[in-house]
Amino acid sequence: MLERRSRTRFLRRIGNVAHHIFSWVTFLFLLTPLLIVIPISFSGGSYLSFPPESYSTRWYETYFAQDSWIDATILSLQVGVVATVISVAVGFLFALGITRGLRKWGPALEKVALAPMIVPSIVYSVSMYSLFSRLGLVGNWFGIALAHAILCLPFVVIVLTASLREYDIDQETAAMGLGASRLTAIRRITIPQIRPSLLSAAFLAFITSFDELVVAMFLSGTFGTLPKKMFDNIRLQIDPTIAAVSVMEILMVILVMAVLMRLNRANVGRLS
Amino acid sequence: MTNENQAVLDVQKIRKTYGRVEALREIDLRVAAGEFLTLLGASGSGKTTLLRIIAGFETPDSGRVSIRGADMTWASAAERQIGMVFQNYALFPHLTVLENVMFPLEMRRITRRAAADRARAALDSVHLGVFGDRYPRQLSGGQQQRVALARAIVFEPSLLLLDEPFSALDRRLRESMQQEVKQLQSSLGLTTIFITHDQEEALVMSDRIAVIGGGAIRQIGTPAEIYYHPNSISVATFVGESNIFEGAPKGRSFYAASGAHFSLAAPTDCNRMLIRPEAITLSRASVPADPREANVFAAQVLDRSFVGGFTVYRVRLAQGDEVSVRAIAREDAIFQPGETLQLTVAPADCRPLTDRSAA
């Protein structure tokens, strides 16, 4: 009896250890490329190499010293913010339509909203290029923002439909019964309660746009967004500036996520 | 609009269909000022649809809804000045209790200060004066219910709608809330429409009950009228316990299908008859009775269940009908299964069901 019990315990422990090892291996597999970029960005040499032979901050200096890098960054931020605003505004209306009112067409509409995620980005880019060239939107930052907004839409719609499905519609109805118009009810009652999802959706949209290369290559003309600048850089120079830029991008994402988590935690504390 | 018979709510010939389902077919309903009217029906009976049409959350296919004489059929919910308490209360979780109650006043552009004063007074009236700064989730179910009530009455609505507000509460709390709501309603003179599927609740609280089934009002009347004079099997079985007999009437007699003969208080031509279980008396002594004053049968006890204040017996008449009897539980008068007893029921308690439609 006793032997059997200890055997069971032993097997269970082995299983536990194996489970831990497997989790860590997966984690490292996903994280290593990100971690390797950090020492490379502090390289003292002129080429992308790992491990670097010497260390310096010269590639960060290069980034801040060159107007082309700063311009690309500002353009990317601008495009990202506008694409986010458009996609969240349109996506919120989409999600409202899908989750209520449109009983018959809701599911079909949802599929349509997810289409930009399914269509290969090269196909999407080419068709955008041919459309926008006729509208004079190629080489115009707003053209990129518009194209990005459509690419961001699926993420916004996924996050917001999930959130609106969970939301108790009776609250909006109650607000209207108490004298609010539909618009006031949405603004005062619905939106404050789905704010965490709105923030997540906006974050996903911004990252999607900020990181997007293919559409930007087709639509940007002579100037470029940050990913395009990085791509050009790696094609022409292969110096570690892009590693420095990558590290700063990673930091930015971590920072935004931390802020979001804080905001959401404050919200959850109040709501649930 | 005449003053003596002023209806706060007048619903005329309301119809509503969803696809092929007829949710409401020609509903007519008038509710007088200060009245407490209950819409009683099972789920799917159409009572919630009717309430939502009255509140302005749905529009009828045809018909008219008037409030205080004004046509409101197409008015928005906001224009109707109706206070509503939802089944799940629908409190706003991101606002404090006080802000919740202030919300309808804010929507009416009342200054923040005046709104806060009135909201506090409303909270006081439901004994929640000290909870204004809390969030709804910090309150118990009963307290949340009171907040919802305060929020629904704070703007002095012309009509108060209660949609199964007690269904989430446990029995004891439910009974005390029923009393409290009833008291508040009559002290404020609030015209109220109350929705429930719980017949006991309906009998306790209402001035009038409208029994709804299959999208139509089956019967409307005071609780006593509904209970003692149901017009159909569906109403009789929905409100209270009942023994239904089918058979043939003959003047002041009723012959059940089994052959059992009942004397009635008045002649009838109905072929169904109702006897409430508590109207029947069981006794061991065989007392000869005048058939004009009492219907007497021999009956055998099949089984019994003790429910505290009373005992429910299932007995079989000599003629074969099975009957349920509800007797005051006296310890010295408990009958055993198998015992043969004398069953008496007064002719006045044998009530013909006037409505011939089987529902």
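Things worth noting here:
- Test: residue in segment A:204-226 that is within 30 Å of residue B:107 (Cβ to Cβ), within 19 Å of the chain's Cα centre (by Cα), away from every other protein chain (no Cβ under 14 Å) and open to solvent by less than 40 Å² (accessible area, probe 1.4 Å): no
- Residues (open to solvent by 10 Å² or more (accessible area, probe 1.4 Å) and either among the small types (Gly, Ala, Ser) or within 14 Å of chain A (Cβ to nearest Cβ) (or both)) located in segment B:158-179: B:158, B:163, B:164, B:167, B:168, B:176
- When we screen B:68, B:25, B:108, B:64 for residues that are without any contact (Cβ under 8 Å) to a residue 60 or more places away in the chain, open to solvent by 10 Å² or more (accessible area, probe 1.4 Å) and more than 30 Å from residue B:130 (Cα to Cα), the only hit is B:64.
- Residues that are in contact with a helix residue (DSSP H, G or I) (Cβ under 7 Å, 6 or more places away or on another chain), within 8 Å of another protein chain (Cβ to nearest Cβ) and part of a helix (DSSP H, G or I), drawn from segment A:160-183: A:171, A:175, A:176, A:177
- Any hit, segment B:280-289, residues being open to solvent by 60 Å² or more (accessible area, probe 1.4 Å), touching a strand residue (DSSP E or B) at 6+ places or on another chain (Cβ under 9 Å) and modelled with pLDDT of 90 or more: no
- Some residue of segment A:227-243 being open to solvent by 40 Å² or more (accessible area, probe 1.4 Å) and under 18 Å from the mean Cα position of the chain (by Cα): no
- Candidates are the residues of segment B:71-104 that are open to solvent by less than 10 Å² (accessible area, probe 1.4 Å) and farther than 30 Å from residue B:214 by Cβ; the one that is farthest from the other protein chains (Cβ to nearest Cβ) is B:97.
The values are calculated or read from the model by the stated rules, or taken from the named source; none is laboratory data. Because the structure is a prediction, the values reported are computed rather than measured. With ideal geometry, Cβ positions are generated from the backbone for all residues, glycine too; neighbour counts draw on all protein chains shown. With ligands, DNA and RNA removed, areas are computed over all heavy atoms of the protein, side chains included. Shrake-Rupley method; radii C 1.70, N 1.55, O 1.52, S 1.80 Å.
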